[in-house]
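The values are calculated or read from the model by the stated rules, or taken from the named source; none is laboratory data. Because the structure is predicted, anything quoted here is derived from the model rather than measured. Virtual Cβ from ideal backbone geometry, glycine too; neighbours counted across all protein chains shown. Areas reflect the complete protein model, heavy atoms only, side chains present, ligands, DNA and RNA absent. Shrake-Rupley method; radii C 1.70, N 1.55, O 1.52, S 1.80 Å.
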Amino acid sequence: MSKRLMSGVYWFLALEFALGAVTKFWPGDTVFSSAYSVKFAEWGYPSWMRFAVGALEGVAALLLVMPDGRARFLGATTLMFVLTGAVTTHIVNHDPAVESWAAPAHLVIMGVLALANWPADWRDLLRAPAVPAARTPRASSEVDGA
């Protein structure tokens, strides 16, 4: 795939999850559904849990649009954890399929993105990004061959 197309996919998904994060913080009903404070309570979670989920979604959305593969990996992996909780919640609460299809679909997409950005070595996630060395002019002794 071309870089522009993949960049567009990352931006589209990031905007989806950023919108999802905003709706978690929204105090009342949204255009898409009833208030998340009510939904989380109906699912058996404390209503404040929506803020934690929304914050994770927002941070992960930002990580998805960063050009660094490590950041995208961390964003996709974070969303995999959030979406695993969402899928499990929908299954446990016997939510209708029309309300539940998005979470498993996005879970699969995030799994593919995490694999696509998988670091060569897990320690690469902990290392600072490599900064290219600045080119310095050679000393006069090196140039003259002395």
Amide H partners (placed H, <5 Å) of Trp118, local residues excluded: none
Part-to-part distance (alpha-carbon centres) for the range 101-115 and the range 40-63, which is given in Å: 18
Cα shape, the range 60-106, gyration tensor, a/c 1.5 rule: prolate
Contact order relative to length of the range 1-120, as percent, for alpha carbon pairs under 8 angstrom and 6 or more apart: 23
Charge context of Thr30, other residues only, Cβ under 13 angstrom, K/R +1, D/E -1: +2
Under the Karplus curve 6.51 cos²θ - 1.76 cosθ + 1.60, θ = phi - 60°, whole-Hz ³J(HN,Hα) for the range 92-97, x wherever Gly or Pro sits: 4, 8, 6, 5, x, 4
Phe51 versus Val38: modelled label distance in nm, points set 7 Å from Cα along the beta carbon direction: 2.1
Heavy-atom accessible area order for Asp95, Asp29, largest first, 1.4 Å probe: Asp29, Asp95
